[in-house]
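Engineer: Quick one: structure below, then a few questions.
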Amino acid sequence: MKQVKATRYYRVDREHPAPDVIEAAARVIRGGGTVAFPTETVYGLGANGLDPEAVEKIFRAKGRPRGNPLILHVSSLDQARGLVAAWPPEAETLARLFLPGPLTLILPRAPVVPDVVTAGLPSVALRYPAHPVALALIEASGVPIAAPSANLSGHPSPTCAAHVRSDLDGRIDVILDGGPTEVGLESTILSLTGDRPVLLRPGGVTREQIEKALGVEVKLHEAVLTGRPRPENPEKGAGSEATAVAPCPGLFFKHYAPRARVIMVTGDPDRQAAKIGDYLNSHQDLRIGVLATEENAVSYRESTIPPAHLEILGSRRNPPEIASRFFGALRNCDDHEVDIILVETIPAAGIGLAVMNRLCRAAENRAI
Ligand code: TXA
Ligand code: MG
């Protein structure tokens, strides 16, 4: 796709973003342009969420399929309430506990929300991010900001401005560089449109936290851990009951994929180390990258056939650290031009569920 424009690039202080830079970016939003900005999860690519032509530019810049709706970002709960047809008690409870923060709520939409944002769905996704730069930008713009992750469609989400640049430089108007993001995986998405809450995408606010807050079981959309949603009509019982109540178009698209082929490695940690060692031995003709936990890294470093590239994700005792480094590690492997990326798996609990969801999808379920 062709380069279209010079992208303006600004560094901003995370805690105290310079008002003149925020105002310049807000002017671009109000004028119908596109601005990449940091949130606590990943970088977003924003445009005026009430302006269909501006929102179109997001789809074009990312090469995003039109059927995949966008999240509207707000800087207050009042602004969120103005975009929905109903604000149920569950939304109020969760908002009080977790917002601003990495939780997106799906609620019935208000008529003011354009079709292009929701891809024609009767619901809208709302997110109130906990990042000073994101909040300052939304507030200064005076409109809700529609923003998907600021990557080319299908690529891993960007956790720093360099990732945004590498995907979107020349295709968007502005990049605000507020440093690396903290959570490193996209927000939790919870649908509150059916009889019961359904988790469509695990993230920084965990399923366990939501269940405790609401005092009910939270259903997992069937595609969360299979990584293999069923594209055939989800409305007509193709999937589980949960699928029928809460379609999540994003689950139907190829995602998070680096150039190299990703393979997940299962079993207890010692077994994973042994499998990776065997794989390195028996595939010496390939350039292999390994995403390892700290605990196992030494065994690859010292192996007779070391990997072409080794990325240490963090300690098994610290899953949030693993989450925060995951997307960057996939991109680094591509920079080292490996053919295969072997990734150690971790238990799918807490934030580990979010890591395993992204990994299953990046690997398209390939596992050894
Ligand atoms: O952390 C995040 O959520 C980041 C930052 C930038 O805020 N944003 C993000 O957006 O991850 P995106 O577009 O990459 O993912 C949004 C997901 C998509 O899978 C989309 O299908 C789903 O949200 N979605 C949006 N509106 C929806 C709706 N009305 N019903 C169901 N799913 C919806
Ligand atoms: Mg995305």
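The values are calculated or read from the model by the stated rules, or taken from the named source; none is laboratory data. Just so you know, these numbers come straight off a predicted model, no measurement behind them. Don't worry about glycine lacking a Cβ; one is built from the backbone with ideal geometry, like all the others, and counts go over all protein chains shown. For the accessible areas, the whole protein counts, side chains as well, though only heavy atoms, and no ligand, DNA or RNA atoms are used. Shrake-Rupley method; radii C 1.70, N 1.55, O 1.52, S 1.80 Å.
Engineer: Take peptides 187-196, 22-31 and line them up by average Cβ neighbours within 10 Å, highest first, as a rough protection proxy.
Structural biologist: Sorting 187-196, 22-31 by mean packing, highest first, produces 187-196, 22-31.
Engineer: If you don't mind, another one. If the only charges are +1 at each Lys and Arg Cβ and -1 at each Asp and Glu Cβ, what is the size of the charge dipole of the range 8-236 around the Cα centre, to the nearest 20 debye?
Structural biologist: 480 debye
Engineer: At 222 nm, what value in deg cm²/dmol follows for the chain if DSSP H runs of at least 4 each add -39500 (n - 2.57) and the sum is divided by all its residues, to the nearest 500?
Structural biologist: Per the formula, -10000 deg cm²/dmol.
Engineer: Nearest 20 debye, what's the magnitude of the dipole of the range 59-191 about its Cα centre given +1 on Lys and Arg Cβ and -1 on Asp and Glu Cβ?
Structural biologist: Dipole size: approximately 340 debye.
Engineer: Another question, then. Could you rank R81, R11 by how accessible they are, 1.4 Å probe, largest area first?
Structural biologist: Ranked from most to least accessible, the order is R11, R81.
Engineer: Specify the inter-centroid distance of the range 54-89 and the range 295-327, based on alpha-carbon positions, in whole Å.
Structural biologist: With the range 54-89 and the range 295-327 each reduced to a Cα centre, they are spaced 36 Å.
Engineer: Right, next: How high is the FRET efficiency from E139 to N365, r the C-beta distance, R0 41 Å, rounded to 0.05?
Structural biologist: It comes out at approximately 0.45.
Engineer: Net charge within 12 Å of L107 by Cβ-Cβ distance, Lys/Arg positive one each and Asp/Glu negative one each, not counting L107 itself?
Structural biologist: +1
Engineer: I would also like to ask the following. How far apart, in nm, are the 7 Å Cα→Cβ label points at A110 and L97?
Structural biologist: 2.6 nm
Engineer: Now, a different point. Using the heavy atoms of the protein chains alone and a 1.4 angstrom probe, what is the accessible area of the range 261-363 per residue in square angstrom?
Structural biologist: With all protein chains present, the range 261-363 gives 41 Å² per residue.
Engineer: Debye calculation, C-alpha points only, no solvent: report log10 I(q)/I(0) for the range 261-363 at q = 0.12, 0.16, 0.18 Å⁻¹, in the same order as the q values.
Structural biologist: -0.33, -0.60, -0.77
Engineer: For R14 and A308, FRET efficiency with R0 = 25 Å and r from the beta-carbon atoms, rounded to 0.05?
Structural biologist: Calculated transfer efficiency: 0.15.
Engineer: Ignoring ligands, DNA and RNA, what percent of the 1.4 Å accessible area of the chain is carbon and sulfur?
Structural biologist: Looking at the chain in its full context, I get 52 percent from C and S.
Engineer: May I ask you to compute the full-extension gain from R60 to A274, defined as 0.36 nm times their residue separation minus their alpha-carbon distance, rounded to one decimal in nm?
Structural biologist: 72.6 nm
Engineer: Determine, for each peptide in 110-118, 164-172, 355-363, the mean count of other beta carbons within 10 angstrom over its residues, then list the peptides with the highest first.
Structural biologist: Highest mean packing first, the order is 355-363, 164-172, 110-118.
Engineer: Let me test this: with uniform point scatterers at the alpha carbons of the range 1-139, what is the Debye-based log₁₀ I(q)/I(0) at q = 0.11, 0.14, 0.15 1/Å?
Structural biologist: Results for the range 1-139 at q = 0.11, 0.14, 0.15 Å⁻¹ read -0.41, -0.66, -0.76.
Engineer: Highest mean first, how do 268-274, 44-50, 93-99 rank when packing is the count of other Cβ atoms within 10 Å averaged over residues?
Structural biologist: Packing order, densest peptide first, comes out as 44-50, 93-99, 268-274.
Engineer: Right, another one. Would you be so kind as to identify which of L77, G277, V113 lies farthest towards the positive end of the dipole of the chain, taking Lys and Arg as +1 and Asp and Glu as -1 on Cβ and the Cα centre as origin?
Structural biologist: V113
Engineer: Given contacts defined as C-alpha pairs under 8 Å and at least six residues apart, what's the relative contact order of the chain, whole-number percent?
Structural biologist: Here the relative contact order equals 19 percent.
Engineer: Once the other residues with Cβ under 13 Å from the Cβ of A297 are scored (Lys, Arg +1; Asp, Glu -1), what is the net sum?
Structural biologist: Summing Lys and Arg as +1 and Asp and Glu as -1 gives -2.
Engineer: So if R0 is 41 Å, what FRET efficiency would L286 and K212 give, r being the distance between their Cβ atoms, rounded to the nearest 0.05?
Structural biologist: It comes out at approximately 0.35.
Engineer: Using a Debye calculation, one point per C-alpha and no hydration shell, please list log10 I(q)/I(0) for the chain at q = 0.07, 0.09 Å⁻¹ in order.
Structural biologist: For the chain at q = 0.07, 0.09 Å⁻¹, log10 I(q)/I(0) is -0.30, -0.49.
Engineer: Sticking with this one: Per residue, how much accessible surface does the range 8-236 expose to a 1.4 Å probe? Answer in Å², no decimals.
Structural biologist: Here the per-residue accessible area is 38 Å².
Engineer: Once ligands and nucleic acids are excluded and a 1.4 Å probe is used, how much of K275 is accessible, expressed in Å² to the nearest 10?
Structural biologist: Looks like 40 Å² after rounding.
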